[in-house]
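What follows is a single structure, written as structure tokens, with notes after it.
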Amino acid sequence: MNPKILIIGAGASGIAAATRFYENGYRNLVILEAENRLGGRIHTVPYGANVLDYGAQWVHSNVKNVVYDMAAKYNLVEIEDHREDELCIKSNGEEVPIDVSNLVVDVLERSIDDEEKVKQYKKSLGDYYTESFQEALQGGKFGDIDNETCNQIFQYFLKYHHTYNAVDSVFDMSAAGLLEFVDYQNEYLINWRTRGFKTILDLLMNRFPEQNSTSIPIEDFVLFNKRVVNINYCKESIQSIIVTCSDGQCYTADHVIVTVSLGVLKEIYRTLFTPCIPQLQQNAIEGLYIGLVDKMVLQFDEPFWPAGWRGFAMLWNEQDLNDLRNSDKSWIEGVASFFVPEYQPNLLVGWVHGKDARTMEKLSESDVIEGLLFVLKKFLVKFNIPEPKSFTRSTWYTNRNFRGSYSSRSMKSDALNAKAADLAQPLLNSLQLPVVQFAGEATHPQYYSTVQGAIESGWREADRLIASYRNNRTTVSKL
């Protein structure tokens, strides 16, 4: 038994699948990777005093999380010793006491705790939060906080959720669909100390001496700069699958595991598969949502902020916001906040989401820097803002190998009844062996949008194929 297995994508799910196969004796592997590196949406590079994660950055909870379990075993991660509180500052430079902003945010966060109410709610998450906010405001739950400040904090709260869920607008996002995501994240962040998220790839490949395991030479199976444009599959057992790349080269296999992002699938699924995939998977690709969140990173010679300062969230006064919208810097509205990463004392990182992130990606670096300095000087009136030493940013949408950051659930998902489990359904041949399989964070029913979901999905598909051979007892001819 020596089936040829071809994996498309060397991100977390592709590497997870490949390492699982390798550990179970399957060595007839080929991994086609469109980029020139491993990792996919995990992209750690040396930068500043430490490293920079352009994509995945924090471990998403320490409960039922394979990423945390693997990393904590070797003391590679730490739970930060401060809450994920953010200092809110108004566009006139006025700081809002943290206990004031926390009160408004906590009331809104608790409004989603009634799972039965959320489950029955038919409108968007934005509508749900708006109704909850108005009820709280009219019910006096914000105490003596003035209405203008409450409204500004509420608008930031919505923007935070745009960023957290990678959506253009929470009014596009399904409230009921939010319950599909199993979230054990508390208010404390978990960072990678001085290593970055790429460490999880090393753990998957047994690259740490403490693992006492033989290193898995994944690079031996990877062909880089190979963007797949067609997968010609057949449901007959004797037919090989032909995978064609943009450079014209073709590769044959008995089984293909597709781990590309949902954004790529949305863009090319109609031409990627021959014949066209079943309606069930098409519906899932059309209905599931993938959005965009980008980071913009300013490095300074030294911090212009005091020790212990964590960053800030922006509250726009109405007139300032109107002026911004009528300017050439209108994309700044999509910037939710700035933060100082752990172990990077000279960096200030801004988040931007949705259509404004797509706009930002098309701007020149100088225009982006100009916009960021404009907003920093406007909000941080008590600081002297210097010119940055360097600047970098993520561009997850304009890169055609990703077309987005991570997936979520939208009103369209609800309307089409699109499920991650549907996208994860394999295409079987006449021997009931999987021919084409799907993995990646968007295919995980509970942990979509996370690295742990990506890894679990890669293991799931490798285990599925291994079990199929074990149960079927069928030998596939060598290619």
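The values are calculated or read from the model by the stated rules, or taken from the named source; none is laboratory data. Please read all numbers here as calculations on a predicted model, not as lab measurements. So basically every Cβ, Gly included, is an ideal-geometry build from the backbone, and we count neighbours across all protein chains shown. Each accessible area value is taken on the protein alone, full model and side chains, heavy atoms only, with ligands, DNA and RNA left out. Shrake-Rupley method; radii C 1.70, N 1.55, O 1.52, S 1.80 Å.
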- prompt: Given a 1.4 Å probe, how much area per residue of the chain is accessible, in Å²?
  reply: 42
- request: Name all residues of segment 394-409 having a backbone nitrogen under 12 Å from the label point set 7 Å from the Cα of Lys362 along its Cα→Cβ direction, giving them as ranges.
  value: 398
message: If I model a spin label at Cys276 and Leu179 as a point 7 Å from the Cα along the Cα→Cβ vector, what separation in nanometres do I get?
response: 3.4
- request: Filter the cross-link list Lys119/Lys141; Lys362/Lys419; Lys266/Lys295 down to pairs whose alpha-carbon distance in this structure exceeds 30 Å.
  value: Lys362/Lys419
- line: At the level of C-alpha centres, the distance separating segment 373-399 and segment 106-138, in angstrom, is 34
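So, with +1 on the Cβ of K and R and -1 on the Cβ of D and E, and no other charges, what is the size of the charge dipole of the chain about its Cα centre, to the nearest 20 debye? The partial results should precede the final answer.
Values: 47 positive and 61 negative charges, 454 e Å.
With Lys and Arg at +1 and Asp and Glu at -1, about 2180 debye.
For Asp85 and Gln138 in the same chain, what is the full-extension length gain: residue separation times 0.36 nm, less their Cα-Cα distance, in nm? Walk me through the numbers on the way to the answer.
Numbers: separation 53, 0.36 × 53 = 19.08 nm, distance 2.53 nm.
16.5 nm is the gain from fully extending Asp85 to Gln138.
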- request: Could you tell me which of Tyr447, Ser405, Ala421 has its Cα farthest along the dipole of segment 336-479 towards the positive end, charges placed at Cβ (Lys, Arg +1; Asp, Glu -1), taken about the Cα centre?
  value: Ala421
query: So how much accessible area does Asp168 have, in Å² to the nearest 10, using a 1.4 Å probe?
result: 50
query: Size of the dipole of segment 297-412 about the Cα centre, Lys and Arg at +1 and Asp and Glu at -1 on the beta carbon, nothing else charged, in debye to 20?
result: 580
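Roll a 1.4 angstrom probe over the protein heavy atoms and tell me the percent of accessible area of the chain that is carbon or sulfur.
Details: 9550 of 20200 Å².
Using a 1.4 Å probe with all protein chains present, the chain comes out at 47 percent carbon and sulfur.
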statement: One point scatterer per Cα, no solvent, Debye formula: log10 I(q)/I(0) for segment 338-445 at q = 0.12, 0.15, 0.22 Å⁻¹ comes out as -0.66, -0.85, -1.26
statement: Rounded to one decimal in nm, the spacing of the 7 Å Cα→Cβ label points at Glu236 and Asp69 is 4.4
- line: quick note, the chain, DSSP beta bridge pairs, % antiparallel (nearest 5) is 65
- prompt: In what sequence, highest mean first, do 95-107, 4-16 appear when ranked by Cβ atoms within 10 angstrom?
  reply: 4-16, 95-107
task: Report the paramagnetic label zone for Arg400: residues of segment 221-264 whose backbone N is under 16 Å from a point 7 Å from Cα along the Cα-to-Cβ axis.
output: 225-231, 244-249, 261, 263-264
- prompt: Out of Leu32, Ser240, Val340, whose Cα points farthest toward the positive end of the dipole of the chain (charges: +1 Lys, Arg; -1 Asp, Glu; placed on Cβ)?
  reply: Ser240
query: Any idea what angle helix 125-138 forms with the longest principal axis of the chain, computed on alpha-carbon atoms, 0 to 90 degrees, nearest 10?
result: 30
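What is the Cα convex hull volume of the chain when expressed per residue in Å³? Don't jump to the answer; show the numbers that get you there.
Values: hull volume 72.1 nm³, N = 479.
Enclosed volume per residue, from the Cα hull, is 150 Å³.
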Unit charges on C-beta of K, R, D, E only; dipole of segment 5-91, Debye: 380
field: Between 0 and 90°, nearest 10: helix 98-110 axis offset from the chain longest Cα axis
entry: 50
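For the ranges 451-460, 432-441, what's the packing order if you count other beta-carbon atoms within 10 Å of each residue, average per peptide, and put the highest first?
Values: 451-460: 26.6, 432-441: 24.4.
So the peptides 451-460, 432-441, ranked by packing, come out 451-460, 432-441.
Per the helix-only calculation at 222 nm, which mean residue ellipticity applies to the chain, given -39500 (n - 2.57) for every DSSP H run of n ≥ 4 and division by its residues, nearest 500 deg cm²/dmol?
After summing the helix terms and dividing by residue count, I get -10000 deg cm²/dmol.
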- request: Report the label-to-label distance for Asp113 and Thr194 in nanometres (one decimal), using points 7 Å from each Cα along the Cα→Cβ vector.
  value: 4.1
- line: Length gained if Asp202 through Lys412 is fully extended, taking 0.36 nm per residue and subtracting the Cα-Cα distance, is 71.9 nm
statement: Expressed in square angstrom to the nearest 10, the accessible area of Lys64 with a 1.4 Å probe stands at 140
query: What do you reckon, how do Cys250, Cys245 stack up by accessible area (1.4 Å probe), largest on top?
result: Cys250, Cys245
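Of all trypsin sites (Lys or Arg not before Pro) in segment 331-398, which ones are in loop regions per DSSP and have a Cβ with at most 11 other Cβ atoms within 10 Å? Before the final figure, lay out each step's value.
On the way: sites: Lys355, Arg358, Lys362, Lys377, Lys378, Lys382, Lys389, Arg393; in loops: Lys382, Lys389.
Sites meeting the loop and neighbour criteria: Lys382.
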Dipole axis of segment 159-258 (+1 Lys, Arg; -1 Asp, Glu on Cβ), positive-most option in Leu179, Val228, Thr199: Thr199
statement: With every protein chain kept in place and a 1.4 Å probe, the residues Phe154, Phe171 fall, from largest accessible area down, as Phe171, Phe154
message: Using 0.36 nm times the number of residues separating Ile466 and Gln432, minus their current alpha carbon distance, what extension gain do you get?
response: 11.0 nm
query: Relative to the longest principal axis of the chain, what angle (0 to 90°, nearest 10) does the C-alpha long axis of helix 147-165 take?
result: 20
